[in-house]
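Let me begin by presenting the structure, written as structure tokens, before commenting on it.
Where a number appears in this text, it was derived from the coordinates with a stated rule and is not lab data. Note that the structure is predicted; figures quoted are calculated from it, not measured. Ideal geometry is used to build each Cβ from the backbone, glycine not excepted, and the neighbour counts take in all protein chains shown.
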Amino acid sequence: MHERLSFHIKRDSVLHRLNPLTKLTLVLALIMVAFTSPWYWTPHLLFLFVIIPLSFIGKVFREFFFAATRLILPAAGFLFLMQAFFQPIGEHVIFKFYFLDITQESLMFAFKNAMRVIVMVSSFTLFLLTTHPSELMSDLTRRGLPGQFAYVIISTLQILPQIQSKSQTIISAQRSRGLDTEGNFFKRAGSLVPLVGPLVFGSLVEVEERAIAIEARGFTSKSIKTSLYEIADTSFEKIIRWGLIIIIILSIVLNIWL
Amino acid sequence: MALVNLQNVTYKYPLTKTPALQNINLQIKEGEFVAVVGANGAGKSTLCYTLAGFAPHFFKGEMSGSIEVAGKESSKSTLDEWVLNVGLAFQNPFNQISGAKYTVFEEIAFGLENIGVPRDEMKDRVNDALALTGITDLADRSPYSLSGGQQQRVALTSILVMQPKLLVLDEPTSQMDPIGTREVFSVIRKMAEGGMTVVMVEHKMEWIAQFADRVIALKDGSILLEGKPGEVLTSDVLAENGFGISRYTSTAREAKKQGLWKKEKLPVTLDEAVEGFKK
């Protein structure tokens, strides 16, 4: 069954022990710097010398590598091709294909943009790999994020696989009653109707019961919530966070100014 | 003084014509274990929701009469205050999993986090509750990976850990095997002896007869019969009104007609039946 419902890999590392907010700020700072830095090689260097080493520090390089090759590279590769072909800049044509041409400039431009996206997605992947979602949410709730908001995020993550398996059950049930789910496009689309009805109405009924269940456990209680886990937050981390925030602000200001 | 006091309670769900509960008068003492029986649509679940404050606070609809639990009046309280005194667990365990937690331990702590119990006390209470219902070995599992019966135990534990004065249970053992059912009944009995008041909807007559102090039979939203399990569950009125009755009772009733059952009182449990037929 679905034992694993998040990206999170449970390991003991410095990166795992960092406060979730510190990691989140770091991700934001990396993204901002990669996107606003005027120097061409910034995103490339950030990826090679910050993000990859961080994946080793977090002891999740293998998983990170998997996610990168299967998810991030294909997307970035596609972006690279699109931009290389359709960016109408530069004169040094390298390659011509009917009306499409690749110039040295458009190639460079595409490479930088693809790298920026890689920095963005891979730093976020690293964050998800080393941060438990409930730890993140209870830390953010402690800092004033509304409990309802945190609940919606976490429960959605958990309930998606449940809905998936339920739709599978409904399909099997409808098939055993003679529903034809194979054939051409229209036939398949038509066979969705007997699936969607039970799934949607069933989910609505469930929502009511779940609302009762969490209400019975004091979800809307006006007292100040406590948390089962103590989430470490040192004053050293606070300083780091402020440093990162200054970097973020600087990169925004410089970008507008220049 | 009675912990629960219902006076002339009548309740109608929104958009319905007939009331789901009609003129209910009910007093329950502290530490009493009351079982509620009845056919589908008799108002068992509505009674549970009323005691737990969800009718009318959650469902809206029209409520008349007075509902008092632990000295508080339902119409003058809000739902979030009410649930501190009254715990509710219902039938479908899957929908009672909060969905916000990744392990059983966290799931059970959820209610305590919400009402602001300090961390050390929280851990102790969760550990005690896990041991009480015998699911300590499930503590690190994902609540979604459990069987229906195990999920029902988690749902029950999540409410027990909040230590309500009144525990309302709507068929809490429907997905359990006989061994699980026995264990849950004895846990609930133990809680009642420790001073927790329990109202439980249940179809398993043999278990009610062994563990409950009192039985309430509901029909069409009204109380049809009320009294000691041995009396109510063997009553002819129950049989005539189409209630589910224990197979030992119906066997002995037939035997009585044939002159094979000599005792005056009919049995509900296997032990009582064996003893009666021996004579």
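Before moving on, here are some points about what is shown:
- Taking every residue in B:114-121 and counting other chain Cβ atoms within 10 Å of its Cβ, the average works out to 5.
- Only helices reaching 15 angstrom along their own axis (Cα) with mean Kyte-Doolittle hydropathy no lower than 0.5 count here, and for the DSSP H runs of chain A these are A:20-36, A:73-86, A:104-130, A:193-216, A:235-257.
- Gaussian network model of chain B, springs between alpha carbon atoms under 10 Å - residue of B:181, B:78, B:16 with greatest fluctuation: B:16
- For residue B:38, nonlocal amide neighbours, meaning residues 5 or more places apart or on other chains whose placed amide H falls under 5 Å from its own, are B:218.
- Across B:219/B:256; B:204/B:228; A:23/B:101, pairs whose alpha-carbon gap is larger than 19 Å: B:219/B:256; A:23/B:101
- In this structure, residue A:211 and residue A:101 have a Cβ-Cβ separation that, at R0 = 60 Å, corresponds to a calculated FRET efficiency of about 0.55.
- Estimated inter-spin distance, residue B:231 and residue A:163, nm [label 7 Å along Cα→Cβ]: 5.4
- For the Cα trace of chain A, dividing Rg by the Kirkwood Rh returns an Rg/Rh value of 1.06.
- Fewest-first ordering of B:253, A:210 by other beta carbons within 10 Å of each residue's beta carbon gives B:253, A:210.
- Checking every one of the trypsin sites (Lys or Arg not before Pro) in the stretch A:128-185 against DSSP loop status and a limit of 16 other Cβ atoms within 10 Å picks out A:143, A:177.
- Rounded to 5, percent antiparallel among DSSP beta bridges of chain B: 55
- Taking each of A:222/B:60; A:10/B:165; A:112/A:238 in turn, the alpha-carbon distance tops 30 angstrom for A:10/B:165; A:112/A:238.
- GNM result for chain B, Cα springs below 10 Å: residue of B:257, B:204, B:12 fluctuating most strongly: B:257
- Just so you know, the Cα atoms of the protein assembly as shown work out to an Rg and Dmax of 30.8, 111 Å.
- Of the chymotrypsin sites (Phe, Trp or Tyr not before Pro) in the stretch A:8-107, those whose Cβ has at most 14 other Cβ within 10 Å and which sit in DSSP loop: A:39, A:40, A:41, A:98, A:99
- Angle in degrees between helix B:148-160 and the longest Cα principal axis of chain B, rounded to the nearest 10: 70
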